[in-house]
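Here's the structure we're looking at; comments come further down.
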């Protein structure tokens, strides 16, 4: 009975939206950062699926519509990019440089930490694309011999952590530039960081959305090069 329900796309859509809206209500009422609606929604959905003995395969089958909407939601960021095209064009070199440097440091730092802790090559490959949006991260991890399950979890955790703490850290560091704030959130915390950036302002949201795409491009180029350098030296 339950399996058939969770195979039903309208039911799964209503279920996920219901859990998210309840989590959002709790977050707005408490104002506690660690009760971020995305984080709470994930936890609640996992608990419900486990308690009802619903397999991930069944849930994935029923949530195809939600999965499909990820594409259009990312594409819709193009509207903001178009509206702020001039601002982006004037700062194109700074944006590209910042994203590539950020990508390089992000990859090398997580590799260094993982190696220092004795992680094997599979775990390191799983962690390398941590700051990239999930579909790209999973593809990069799979091609480099990583465990895509680890990658998916890490990407979500990084996104939630960045979305929650990012603005606070930027404020404490005295970074007020809308360009810098948008780049930082989009590059470090991908989709969830961009959602937070859009709450801060239109320019921050537009730049953050651009950073997601550029970060994916930069990471896809840099991971093979960095791996090659590590093998050589």
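Calculation over all alpha carbon pairs of region 167-233 in 5 angstrom steps from 0 returns a P(r) of 3, 20, 23, 18, 11, 10, 9, 5, 1 percent.
Computed across region 2-75, the Kirkwood hydrodynamic radius from all distinct Cα-Cα pairs reaches 13.1 Å. Taking every alpha-carbon pair in the chain and binning the separations at 10 Å intervals from zero gives 8, 29, 34, 23, 7, 1 percent. Rounded to whole Å, give me the distance from the Cα center of region 202-233 to that of region 17-50. Each part's Cα centre sits 30 Å from the other's. Just so you know, the Cα atoms of region 17-59 work out to an Rg and Dmax of 11.6, 34 Å. Here region 50-108 has an Rg and Dmax of 19.0, 54 Å, counting Cα atoms alone.
Since every read-out is calculated from the coordinates, none of them should be taken as a lab result. It should be emphasised that the depicted structure is a prediction, and the values quoted were computed from it without experimental measurement.
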